[in-house]
Amino acid sequence: MINRPGNTWNIASIDILKGPGSVLSGQGAIGGAVNVIDKRIPTRVPDEAFHLDAFGSVDSATNLRSGAASLDVGVSSNLVAHIDGSYRKSGDAAIGGFQLAPALRAELLEEAAEKAAAGEPDEAAEYREAADQRGVIPNSGTESWTINAGLGLILGESTFGASLGWYDTNYGVIKRPGLEHEHGGAPGAPVEEEDETVRIGLQQFRADFKGDVYLGDGAFERLKLRAGYSDYTHTEFEGGEVGTGFP
């Protein structure tokens with residue numbers, strides 16, 4: 001279990017939790033949890049007036065274009081402000097051969113031959129076209145962006161902070177060529193193939209608070225506080241129209 005979606009460029013550390021500590025991530029983490037600690041809530045004052053990290057990347061196979069930046073500013077001797085954002089967009093993935101594995105492609109070509117023998121040339125042509133798709137994986141493109149802001153108060157060995165974040169992504173659901181679905185017809189009736197492309201739109205707003213209080217060298221050394229709120233929306237778009245939503 002991972003406690004939140006994240007970007008690797010903004011990760012400060014990763015904790016592997018097992019045993020009683022994993023319960024903090026919810027009852028679904030009984031087998032353990034991966035706790036990704038990001039930089040959205042500052043825990044130290046930067047050595048310089050401000051600290052900026054930025055990067056960009058490209059990918060020819062998917063025509064990927066992505067970039068991100070993270071800025072920490074020392075507002076005072078013990079108060080630090082943070083802001084970061086990222087954008088990522090890719091097209092359909094290019095491949096070096098047929099979209100289907102040899103066994104699945106042979107299955108479609110066999111279906112095409114059966115349709116042709118049964119006097120259904122149009123259906124046979126559709127099966128052959130599906131089997132011969134190559135060079136690209138349709139509907140595999142993605143687009144996403146994030147924006148986050150945080151504030152950290154550093155008081156000696158104790159820290160307090162809060163952050164707000166927004167995550168927005170849209171990605172395609174890849175459909176295997178030739179995969180068909182029945183729509184309640186009678187047995188033996190023609191099967192209708194769904195041609196609509198399906199895409200997923202996902203948005204998440206998140207607010208977090210963290211506190212780490214140093215108690216001294218007694219029986220209890222530190223008191224850690226954590227609270228979070230998340231609002232998540234998941235929408236399926238079928239052929240450009242809203243199909244199903246999960247608020």
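Within 22 Å of residue 172 (Cα to Cα), buried (at least 16 other Cβ atoms within 10 Å of the Cβ), in contact (Cβ under 8 Å) with a residue 12 or more places away in the chain and of a type in the set (Gly, Ala, Ser): is that true of residue 124 in this structure?
It is false that residue 124 is within 22 Å of residue 172 (Cα to Cα), buried (at least 16 other Cβ atoms within 10 Å of the Cβ), in contact (Cβ under 8 Å) with a residue 12 or more places away in the chain and of a type in the set (Gly, Ala, Ser).
Taking the condition of being surrounded by 11 or more Cβ atoms within 10 Å (Cβ to Cβ), at pLDDT 90 or above and of a type outside the set (Asp, Glu), how many residues in region 180-236 meet it?
24
Could you check region 53-85 and list, in sequence order, the residues that are under 18 Å from residue 42 (Cβ atoms) and small (Gly, Ala, Ser)? Working first, answer last.
Going through region 53-85, the residues under 18 Å from residue 42 (Cβ atoms) turn out to be 53-54, 68-85.
Result: 54, 68, 69, 70, 74, 76, 77, 81, 85.
Which residue is farthest from residue 91 (Cα to Cα), if the candidates are limited to region 121-136 and must be of a type outside the set (Gly, Ala, Ser) and assigned to a helix (DSSP H, G or I)?
Residue satisfying both the conditions and the ranking: 121.
The values are calculated or read from the model by the stated rules, or taken from the named source; none is laboratory data. Keep in mind it's a predicted model, so treat the numbers as computed, not measured. Heads up, the Cβs are rebuilt from the backbone with ideal geometry, glycines too, and the neighbour counts pull from every protein chain shown.
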